[in-house]
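First up is the structure itself, then whatever we jot down about it.
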Amino acid sequence: MADKQTADERPAVPLPSDDALMEKIRTRDQAAFSQLLKRHLPAVHRYLTRMTGNAADSDELSQETFLRVWETAGRYQPGRVRFTTWLHRIAHNLYVDAARKRRAGPLPEDLEVEDPDPGPEQRVQMLQQQRDLQRALMALPATQRSALLLCQVQGFSNPEAAVILRTGTRAVESLLARARRNLREQLYPSEQTT
């Protein structure tokens with residue numbers, strides 16, 4: 001009876017890498033696609049929600065992003081760029097195409113609240129700050145907003161964001177600097193010197 005191991009004692013099975021899953025998706029492995037979807041959908045959806053300012057548009061663009069992953073799995077080249085960079089490039093392209101069709105939309109309805117137990121006054125203040133930040137983000141040019149979200153929220157390096165945005169690393173650094181300056185000017189206008 002000493003041979004029996006409990007579930008807690010068994011060694012953890014390593015999860016397959018994104019590249020390994022993509023190899024399986026090329027052969028139309030739906031289980032691999034499902035695993036990749038579960039792993040990356042939240043980050044893609046969060047990025048697209050912040051870019052569009054609209055949860056419904058984000059849902060649609062997220063679905064289209066993963067449909068493109070399924071359809072174009074054979075084009076992915078492991079080792080050339082990270083999978084997440086390639087994935088966000090697809091999402092970004094779809095956002096740009098959608099933005100060309102319809103310009104800036106309404107603010108998102110589902111703003112996140114970080115503190116689970118704030119008091120009523122704190123809740124109102126936090127929601128107002130989130131609305132102000134969302135308005136300021138939506139007022140940024142799309143390239144600045146995208147660079148800022150990719151680097152600051154999604155965690156991409158400047159060179160990775162440059163691949164996604166199809167620009168140079170120095171251009172991303174410039175976009176980030178302008179985005180931060182524009183946000184400061186919008187969020188703290190009284191602190192700006194004239």
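The values are calculated or read from the model by the stated rules, or taken from the named source; none is laboratory data. Since the model is a prediction, treat every value here as computed from it, not as a measurement. Surface accessibility is based on the protein's heavy atoms, side chains included, excluding ligands, DNA and RNA. Shrake-Rupley method; radii C 1.70, N 1.55, O 1.52, S 1.80 Å.
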Carbon + sulfur, % of accessible area of segment 45-106 - ligands and nucleic acids excluded, 1.4 Å: 47 percent
Scattering profile of segment 14-93 at q = 0.15, 0.18, 0.27 Å⁻¹ [log10 I(q)/I(0), Debye over alpha-carbon scatterers]: -0.49, -0.69, -1.36
Distance from segment 151-194 to segment 124-140 (C-alpha centre basis), Å: 17 Å
Residue-normalised accessible area of segment 125-191, given per residue in Å² at a 1.4 Å probe: 55 Å²
Solvent-accessible heavy-atom area per residue, rounded to whole Å², over segment 18-68 at 1.4 Å: 49 Å²
